[in-house]
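Working notes for the structure below.
Here, each number is a calculation from the coordinates, and none is a lab measurement. Predicted, not measured: the structure shown is a model, and the values here were computed from it. All Cβ positions, glycine included, derive from the backbone under ideal geometry; neighbour counts span all protein chains shown.
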Amino acid sequence: MKKTIINFCLPALLACHAAVAAGQGVFTLPTTEEQTNNIIRMKGQISDVPTVYIWMLDAETNAEGTKPMEYKPEGSTDKNDVYYKIKLNGSSSYDTPISNNIISATPSITDNAVLRPNYDRYEQKSEEYRLARIKVVDGYGSIKTRDELTTIRGRGNSTWWCEKKAYRLKFPSKTKLLANGDGTNEYADAKNWTLLANAADKTMLRNALTREVGLRIEEKTGLKALPYYPAYQFVDLVINDNYLGTYQISDHNQIQKGRVEINSDRGWFLEAVTGDSFVEEPYVTIGASNNTCVVNVKNPEDEFLTDEVKAEITDYLSKAFLSTVQYAPGTNDFSEETGLFKYVDMESLVAYTIGNEITGNYDGLISNYVYRDINEGDKLKFGPLWDFDIAYGNYGNMEKAFVYQSEKYSNLKYRVQYLMENCPAFTNLLAMRWKQVYDNGSLITYLHEKVDKIAAEMQYSRQLNYTPRANGGAGWEINSDMLGWGVKTYQDYASAIKDVKSFISTHVEFLNTEILKMQTDVEQGDVNMDGKVDASDLVRVVKHITKENTSLSEDQIRLADMNNDSQITVTDAMKIVDKME
Ligand SMILES: [Ca+2]
Ligand SMILES: [Ca+2]
């Protein structure tokens, strides 16, 4: 995505910042687009990543009521059709629709902008959107250079109390904030975006790397079993002229083209959570007495979330998660006709499990996103892979361990564990997909290369992130745990990268050994690989022949091809009938 960057003069840049800090002058931004060796910096761009400037407009105008009010234009039926009104200085009502005209009254980047060594950070309440102006400066064109209005609020539960805060941006209209980076994926055109601080992850790249894990799973299995892979673009963030360090622009997790692409009115987008602090209204509770699982309902919302819909979600999830796996384990009904996989899409759960296990995401089963579209036969699917700051060995002893066995309490853990230990159809599919993703060990090289690539993309930005404030940097420390979570800390960035790579090497080989052990022998005709040839297999083969469902994998086609003629026909179906007990 980026051009090669070499010989960029960081010491000179740091010297400029140091001069500011010491009160000896100003950091002079380049007055025109300039090219220093191979790095292109635009006027106002701080380092080798785009710079995002945000100015809080209420701080600027001191106007009471610049907090925007949402409204829907008269006659609009689209629930996404939301506009804002604000009160301007001296006005008593919310009667001024936001328009870009207001920008002319706000600051601009001057040729001699000063990055003040003044860290009176913007400490808004985390729930409340406030009006701001945003300007993005990018020498590479990976973000559109833009200058417009937005709204901003704090983001995160436990992370909000960290000094390096994460934010959410909500633009008045759909905004294509990221250009198509690698050409393989269409990034969203959306109102909602996140600015991740990655404060708990000293490499700051674990979330970005997980996008590459998702892309690998899709590429090697040939299946889009996960809904999307949250985007990353590293930026330098400046709020109210305070340089705050390296941030990551990423998707907001929601139903939206380019994100979870299902019906936005009636589709289900749910977050199964463990722990009271993650519970958000509205939610449903499944299970009974002390063995419950809380599921936050992100969608449907408003008038579409009736009591009837809530009851339908509760009932469906109870069947999907509980009835067969937890409360009646003796039944072992995993079938697609009457059991667990009538409700849960197995390929999706397998891809999700592989993603969580590759990353060793210690809290991967604390918050799990699931979704279901509205068409007849749509099953519950898992994803996206979301929130990986403490993965890849950053927390917990995960190098030679499965996430599903990790000690951390999780409501979903027991369900996946039960599948791992009792459901050959699941473990055989898991092993089959794993072999594709592992691809003779090339998974390790692939991940190592991505680590290097992502680290190189923000080489100078991350150095400034960890440079002391007295020397003009953001002052975040690589050798202290800002959140008090007990995450890994390092003496320098190179050690942090080395540690992540070492985790990947050991952990991936551990997984390969252990997952292959879970396979059971599969006889010819056992198309769903559950250890017996029966009606389920026949149904899969017939659906394949009638093209009602063509999702059979290469291995499954081999198992279905009873007469070995390289095609699946009625002859194969008849031979399966012969073999059925
Ligand atoms: Ca079977
Ligand atoms: Ca055949």
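So how far apart, in nm, are the two label points at Asp578 and Lys547 if each is 7 Å from Cα heading toward Cβ?
Rounded to a tenth, the inter-label distance reads 2.8 nm.
May I ask you to sort Asp302, Asp189, Asp236 by Cβ crowding, counting other Cβ atoms within 10 Å and putting the fewest first?
With the sparsest Cβ surroundings first, the list reads Asp302, Asp189, Asp236.
So if we plug the beta-carbon distance of Ser502 and Thr292 into 1/(1 + (r/R0)^6) with R0 = 35 Å, what FRET efficiency do we get, rounded to 0.05?
On the way: r = 39 Å, r/R0 = 1.12.
Efficiency, rounded to the nearest 0.05: 0.35.
So which of Lys164/Lys298; Lys220/Lys400; Lys176/Lys381; Lys135/Lys488; Lys191/Lys381; Lys501/Lys547 end up more than 32 Å apart by C-alpha?
Lys135/Lys488; Lys501/Lys547
Using 7 Å Cα-to-Cβ label points, what is the Glu308/Thr285 separation (nm, one decimal)?
2.6 nm
Taking 51 Å as R0, compute the FRET efficiency from the Cβ-Cβ separation of Asn471 and Asp373 and round it to 0.05.
Working from the Cβ atoms, E equals 0.45.
Once both labels are modelled 7 Å past Cα along the beta-carbon direction, what's the Lys342-Ala535 spacing in nm?
Using points 7 Å along Cα→Cβ, the separation is 1.1 nm.
Just subtract the alpha-carbon distance of Thr569 and Tyr316 from 0.36 nm times their residue separation and send over the number in nm, one decimal.
Details: separation 253, 0.36 × 253 = 91.08 nm, distance 3.49 nm.
Extra length available between Thr569 and Tyr316 comes to 87.6 nm.
Estimate the FRET efficiency between Thr489 and Glu261 by the formula 1/(1 + (r/R0)^6), using the beta-carbon distance for r and 41 Å for R0, to the nearest 0.05.
0.55
Would you mind checking region 205-223 for residues with the amide N under 13 Å from a putative spin-label position 7 Å along Cα→C-beta of Asp439?
Once the point is set 7 Å along Cα→Cβ of Asp439, 213-223 turn out to lie under 13 Å by backbone N, inside region 205-223.
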